[in-house]
Amino acid sequence: MLKREFLLALVLAVALPAGAADLLDTVKARGTLKVALEGTYPPFNYKEKTGALAGYDVDVARLLAAKLGVKVEFVSSEWASILAGLAANKYDVIISQVGINPKREQAFDFSQPYIYSMPQLIVRNNETAAYKSLADLKGKKLGVGQGSVYEQQARAVPGIEVRSYAAAPDTMADLAAGRIDAALNDSLMSAYLLKISRLPIKAGAQVGATERMGIPFRKGNPAFRQALNKALEEAAADGSLKAISVKWFGVDVSKAP
């Protein structure tokens with residue numbers, strides 16, 4: 001028993017070295033907050049024609065870094081490897097629409113939510129069927145983002161023919177052409193796609209619970225978590241977070257519906 005206790009203590013000592021600096025100290029000493037994002041996900045984070053990063057997440061990252069008293073350093077990462085990169089200490093946080101769920105909370109700590117959304121269907125303008133839930137799409141073709149949480153939700157419903165797409169515009173094009181019967185995406189992304197699209201498509205029913213997006217970082221950094229949440233609370237109180245929301249979506253998406 002003593003041997004097992006010694007081995008456990010040794011493992012913990014290696015995993016959590018004594019006196020390890022809190023991430024807040026590291027960020028302050030470095031003078032920069034390293035923020036990972038996809039950079040290919042408008043209107044949340046993407047590159048303009050000039051190559052400059054833009055989007056809701058980009059503005060939020062800059063705002064929070066300023067409130068922490070540091071500069072922001074962006075690191076682009078593919079979604080499939082973005083959480084692994086955080087675990088490997090390649091960056092400090094991810095600000096790229098990471099949903100808060102129990103599985104992710106086992107591996108990382110999260111800030112309080114900074115944006116809320118829910119799953120929503122998109123259908124053709126001339127669609128006569130009343131799709132009020134995913135169950136109504138049994139026997140139909142549903143387009144989803146490849147590797148997205150919406151793909152997981154769709155595949156969990158028996159009878160739906162799920163077709164995954166690497167890019168949202170391709171999904172919308174197939175929907176307009178009748179190659180799929182509906183598309184499933186985030187309600188905010190749906191609003192953006194409908195805003196920029198000239199295709200004969202429209203918003204359909206909201207088909208799921210409200211989702212909370214937060215900022216993940218490695219566990220064991222309580223001072224950083226407190227400072228990050230304080231920055232978000234200040235941004236909500238002074239109206240700066242709302243201003244970013246209205247800029248990109250026309251409404252305040254930083255508050256729970």
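The values are calculated or read from the model by the stated rules, or taken from the named source; none is laboratory data. Computed from a prediction, not measured in an experiment: that's the story for all the values here. Here Cβ is always computed from backbone atoms with ideal geometry, including for glycine, and neighbour counts include all displayed protein chains.
Worth pointing out:
- Selection status of Val253, within 18 Å of Asn45 (Cβ to Cβ) and either crowded, with 16+ Cβ neighbours inside 10 Å or not assigned by TED's automatic domain parsing to the domain that holds Gln97 (or both): yes
- Enumeration of residues in segment 119-143 that are more than 14 Å from Arg155 (Cα to Cα) and among the hydrophobic types (A, V, I, L, M, F, W, C): Leu121, Ile122, Val123, Ala129, Ala130
Here is a yes/no grid of residues against (1) within 30 Å of Lys138 (Cβ to Cβ); (2) crowded, with 19+ Cβ neighbours inside 10 Å; (3) assigned by TED's automatic domain parsing to the domain that holds Ile100:
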position: Gly178; (1), (2), (3): yes, no, no
position: Met189; (1), (2), (3): yes, yes, no
position: Ala223; (1), (2), (3): no, no, yes
position: Gln226; (1), (2), (3): no, no, yes
position: Ala243; (1), (2), (3): no, no, yes
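- Residue in segment 86-96 that is modelled with pLDDT of 95 or more and in contact with a Ser or Thr (Cβ under 7 Å, 6 or more places away or on another chain) present: no
- Within segment 224-239, residues that are under 14 Å from Tyr114 (Cβ atoms) reach partners that are among the aromatic types (Phe, Trp, Tyr) and surrounded by 14 or more Cβ atoms within 10 Å (Cβ to Cβ) with beta carbons closer than 6 Å, at six or more positions or on different chains, in the pairs Leu232/Tyr114.
- Filtered by the rule that a residue be under 23 Å from Ala209 (Cα atoms) and among the acidic types (Asp, Glu), segment 169-197 gives Asp181, Asp186.
- Highlighted here are the strands (runs of 3 or more DSSP E) found entirely within segment 49-138 that include at least 3 residues which are touching a Gly at 6+ places or on another chain (Cβ under 9 Å): 71-76, 119-124.
- Residue within segment 91-102 that is small (Gly, Ala, Ser) and farther than 24 Å from Ala256 by Cβ present: no
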